[in-house]
Each structure stands twice: as structure tokens, then as C-alpha cells.
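Visitor: Pasting a structure here, questions to come.
All of the numbers you see were taken from the coordinates with simple rules; none came from a lab. Note that this is a predicted model, so its numbers are computed, not measured. All Cβ positions, even for glycine, are placed from backbone atoms using ideal geometry, and neighbour counts span all protein chains on display.
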Amino acid sequence: MAGPLMRNITLLGATGSVGASALDIIARYPERYRVHAVTAQSNVDDLADIAVKFSADIAVIGNDDLERPLRDALNARGARTIARAGRHALIEVANTPNCDTVLAAIVGSAGLEPTLAAAESGKRLLLANKEAIVCAGALLMAAVQRGGGSLLPVDSEHNAIHQCLSGVRATERAGVRLVLTASGGPFLNRDDLDEVTPDQACAHPKWVMGRKISVDSATLMNKGLEVIEASWLFGIPADRIDIVIHPQSVIHSMVEFADGSVLAQMGSPDMRTPLAYALAWPERIASGAKRLDFAHAGPLTFEAPDRRRFRCLDYAYAALGRGGGASVVLNAANEIAVQAFLEQRLRFTEIAPTIEQVLESYDPPPPQSFDDVIEIDREARERAGDCVMEKIR
Ligand SMILES: NC(=O)c1ccc[n+]([C@@H]2O[C@H](COP(=O)([O-])OP(=O)(O)OC[C@H]3O[C@@H](n4cnc5c(N)ncnc54)[C@H](OP(=O)(O)O)[C@@H]3O)[C@@H](O)[C@H]2O)c1
């Protein structure tokens, strides 16, 4: 009997938290997965270590100035991996015929271009980079269609919904309601948020993640971005996507059907589960995640999100309602505000007002092309930068 199909993978954002979880699974299945290329932005040493460990053909560093240090680091390790740098190299390793699967795990809208390239060239696209689909949902879904590949969500909520909808006919899908669960982040029950530090905001109670998404979880913007992501992925309008706070993070999301049945996907909060699902789909493989121990999981609780305290949720729903241009603005303003907070130039409580101010001042039409997205993103970042400066003064 033939063995499993060997997949050749490009990992965009290999040095990040999602990248590490994916590599952990890949290392368990050398007969299934081969690493073609790995990428990072500036973390030369970790990228070189990963390239050596997984015998990658190519390592790409996003920052052009770091090509030489990357080549030196690879040579020092006796690697046969080729060093490349910059935007074009990121696109090439995403759409090359030498890989069939691309993990999109770059953080922020910086990941959009290689993600689109992978979709356009018909890869199996494992999508973690939610900012890409928030900024260019229509363009990305059309590129997947044209390319003839597949899109498998890695975000645990969307992966859960993908699992719940598996085998459901299109006619039944049309009437579903999605319920995205949210842990509530580290500040679910804390009111005095004026003085919180980046480290406190990044100390997520359930998930270990990169710093940007950790802050997004603390403001609940992460859930707002996920509403937009879910709407594009599953073709469901905003008024049929709900959010419920579920601090235990055991249920990763749910789908409610016309007859009142609700399907939930559960598991330990470990990104290796959705990654294993996306890597092996439609098969199932062991992920290394701890089994869910129901006898010791404790009570599972649910509550409505406090949208007065966590304003970012309303901004995200409003942006989705306004159309594609507003989502790019929302995302760009959030990226700038979160970065300023992480650099301790902005208070935690100033993140939401910054986003609101930019959304109020700028309402572009839906982008028709990648260049439109880039232009809206640039303008919104500039405006957000000005808002941050005003607040610092
Ligand atoms: N972490 C999670 O559990 C989780 C769950 C669901 C969804 N996601 C989504 O997955 C994405 C990655 O999250 P993460 O937590 O893994 O982030 P992370 O730990 O910060 O890693 C980000 C990765 O992207 C690279 N990168 C950063 N800026 C870049 C740029 N301008 N150009 C090219 N590469 C760049 C980083 O390289 P360097 O190391 O060199 O900086 C790193 O490899 C995000 O969109 C996040 O929302 C994450």
C-alpha cells in the first residue's frame, strides 16, 4: 500500500510562536513533511538553527540588510541551505512549484503579499496570518478560487468552525450562526487598565503566543479581527456571528444550525491541534497536544463580552459592516497602536481611542487590488502615527 503523500512546505514566519508549533509537528513526521523554505524578519540565529535542523532548501530573511549575516550564520553551521532576503524572495518561496503547502504565519499585514502569492499559485494554504484576510478578504478568497488550491484556517476558532462544518451541505451552511469563543484575555475582570505594562498584557492566561496577538487578546481586538476573518472564510454576515466569553478555552468555537443543534469543537488550548488538522486534512494525525481530561477540566462557563469596556469589538463589527476599506483601516490603526503600546509610547487604554479616531477620519472604498490595500494601509498607518504623536505630547 502507498504511504502518505509527501508534502513540501514553506513556513512563512518560521521563528514565531505558530511557526514553532508547526515545526514541532513536522519533526514528528519526516515521512510526511519536508521543509522547503523557512522565513523570518530579523531573527537570523533562530532562522539558521531551524534551517539546519530541518534541512531546508532556502531560508529567507525579510530584512534586506540581513542577507549577509544569514549567509554567514548558515555557513557557520555547515548548512546546505541557500540564504535569500527581502520581499521578492518571500513571494518566491510562497509560489514556487518546489512547495505544495504554505503556512502563512507572519504577523501583521506584512504577510499579505506572500500569502496572496501562495493562494494564487494553488497551494494548500494554512492560514494563521489573520491580518492578511482582514485586509484583503475578497482578494484572498478570489485568489484561492483562481489558484484551485485550498485554504485551511489555523486560527483555533476558525479551525473549530471548519471542523464543525465538515460534511455539511451548502444549503444547510447558508443558515448557520457562528459562535466564536473568547478567553477574555488577562484583563477580563480587571478595571484599572491605565497603568498596565506590555508584559502584563502579554501574560495570556491560556495561550502562549507572540506579543502582538497577545495584546490583541487583551483588548479583545483579536476577537474583532476574527469576526471579520470568519465572515470571509465561511461567507457568513456579521449579524450571524456571535462572540461569547469562555475563560476556560476548552470549546474553541461553535456552529448553530437551523434546527437548534449546536456543534462545538473542544480540546486543550494548544495550537498544535489546529495545525495538525490543517497539515493532515482530511486525515487526522497525532499533534502532541495533551488530551482533554473532562474529569479535571472544571466547570465550563460562558458570558457575554462587555462591549463597553472592550470597545474594539464594536469597531471591528462596524468596519465589517462598512466594507473592505474600513477593515484595512481598522487593522492598520490597531497595528500602529499596539506597536506604540509595546514600545511604551502609548497607554493600554489609548489603543482603542486611537483606532476609533482613525476610523472616524478615514473611510476609503473597498480595495479592488493589492495596490489599493497597500495604499489604504499606508494612509491609515500615517494617520494612526499622527494620533499616537498627539497623545504622547
Ligand atoms: N500565536 C498563536 O497562538 C496564534 C494563534 C492564532 C493565530 N495567530 C496568528 O498567526 C500570526 C503569527 O502569530 P505569532 O504569535 O506566531 O507571531 P510571532 O510569534 O510574533 O511571530 C511572527 C513571525 O513573523 C515574522 N515577521 C514579523 N514581522 C515580519 C515582517 N514585517 N515581514 C516578514 N516576517 C515578519 C517573525 O520573524 P522574526 O522572528 O524575525 O521577528 C516571526 O517569524 C499572527 O497573524 C497571529 O494573529 C497566532
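Visitor: How high is the relative contact order of the chain, in percent, counting Cα pairs under 8 Å that sit 6 or more residues apart?
Guide: 14
Visitor: While we're on this one: Would you list Val244, Val208, Val329, Val215 from fewest to most Cβ contacts within 10 Å?
Guide: The order, fewest Cβ neighbours first, is Val208, Val244, Val215, Val329.
Visitor: Right, another one. Positive end of the dipole of the chain, charges at C-beta (+1 Lys, Arg; -1 Asp, Glu), about the Cα centre: which of Asn222, Ala132, Gln265 has its Cα farthest in that direction?
Guide: Gln265
Visitor: Which of these, Gly235, Gly267, Gly16, has the largest mean-square fluctuation under a Gaussian network model of the chain (Cα springs below 10 Å)?
Guide: Per the Cα network of the chain with a 10 Å cutoff, Gly235 tops the list.
Visitor: Output the relative contact order of region 160-252, whole-number percent, from Cα pairs under 8 angstrom with separation of 6+ residues.
Guide: 42
Visitor: Report the gain in length on full extension from Asp242 to Asp192: 0.36 nm times residue separation, minus Cα-Cα distance, nm rounded to one decimal.
Guide: Stretched out fully, the Asp242 to Asp192 stretch lengthens by 15.3 nm.
Visitor: Same structure again: Run the simple label-point estimate for Arg77 and Glu360 please: 7 Å along Cα→C-beta, distance reported in nm.
Guide: Distance between label points: 4.9 nm.
Visitor: With runs of 4+ DSSP H residues as the only contributors, calculate the mean residue ellipticity of the chain at 222 nm using -39,500 (n - 2.57) per run, divided by the residue total and rounded to the nearest 500.
Guide: Calculated from helices alone, the mean residue ellipticity at 222 nm is -14500 deg cm²/dmol.
Visitor: For a paramagnetic label modelled at 7 Å from the Cα of Thr349 toward its Cβ, which residues of region 190-214 fall within the zone defined by backbone nitrogen distances under 20 Å?
Guide: 190-203
Visitor: Oh, and also: Give the cross-link partners of Lys130 among the lysines, using a straight C-alpha distance below 21 Å as the criterion and excluding same-chain residues fewer than 8 apart.
Guide: Lys206, Lys212, Lys223
Visitor: Give the distance, in whole Å, between the Cα centre of region 261-294 and the Cα centre of region 1-32.
Guide: 16
Visitor: Could I ask something else about it? Restricting attention to region 179-224, which trypsin sites (Lys or Arg not before Pro) occupy a DSSP loop and are surrounded by at most 13 other Cβ atoms within 10 Å?
Guide: Arg190
Visitor: Let me ask something else about it. Return the whole-Å distance between the Cα centroid of region 335-393 and the Cα centroid of region 161-214.
Guide: 22
Visitor: Something else: Once every Cα of region 7-153 carries one equal point scatterer and solvent is ignored, give the base-10 log of I(q)/I(0) from the Debye formula at q = 0.09, 0.15, 0.17, 0.20 Å⁻¹, two decimals.
Guide: -0.23, -0.66, -0.84, -1.15
Visitor: Pull up all non-local amide H partners of Ile82: gap of 5 or more, or a different chain, and H-to-H distance under 5 Å with H placed in the peptide plane.
Guide: Ile58, Ala59
Visitor: If neighbour count is taken as other Cβ atoms inside 10 Å, put Met271, Met209 in order from fewest to most.
Guide: Met209, Met271
Visitor: Quick check: pseudo-label points 7 Å beyond the Cα along Cα→Cβ at Met266 and Asp306, how many nm apart are they?
Guide: With each label point 7 Å from Cα toward Cβ, the separation is 2.8 nm.
Visitor: Right, next: Note down the nm distance, to one decimal, between modelled labels 7 Å out along Cα→Cβ at Ile285 and at Asp45.
Guide: Between Ile285 and Asp45, the label points sit 3.0 nm apart.
Visitor: Right, another one. Taking the Cβ of Ala83 as the center, what net charge do the other residues with Cβ under 10 Å away carry, scoring Lys and Arg +1 and Asp and Glu -1?
Guide: Overall, the nearby charge balance is +1.
Visitor: Another question, if that's okay. Measure of size requested: the Rg and Dmax of the chain, with Cα atoms as the atom set and Å as the unit; please supply both.
Guide: Here Rg and the maximum Cα pair distance are 20.4, 69 Å.
Visitor: When the Karplus curve 6.51 cos²θ - 1.76 cosθ + 1.60 is applied with θ = phi - 60°, which whole-Hz ³J(HN,Hα) does each residue of region 118-125 get, with x for Gly and Pro?
Guide: Along region 118-125, the couplings run 5, 5, 4, 9, x, 6, 6, 9 Hz.
Visitor: If you don't mind, there's one more thing I want to ask. Considering the chain as a Gaussian network with a 10 Å cut-off on Cα pairs, which listed residue, Trp207, Trp281, Trp232, attains the greatest mean-square fluctuation?
Guide: Trp281
Visitor: For a distance above 27 Å, tell me the whole-number percent of Cα pairs in region 105-262 that qualify.
Guide: Counting pairs separated by more than 27 Å, the tail of P(r) holds 27 percent.
Visitor: OK, next. Would you pull out the residues with amide H under 5 Å of Gln265's amide H, same chain only if 5 or more places away, H placed 1.01 Å from N?
Guide: So Gln265 has HN proximity to His252, Ser253.
Visitor: When Tyr277, Tyr33, Tyr317 are ordered from fewest to most other Cβ atoms inside 10 Å of their Cβ, what list results?
Guide: The fewest-first ordering by Cβ neighbours comes to Tyr317, Tyr33, Tyr277.
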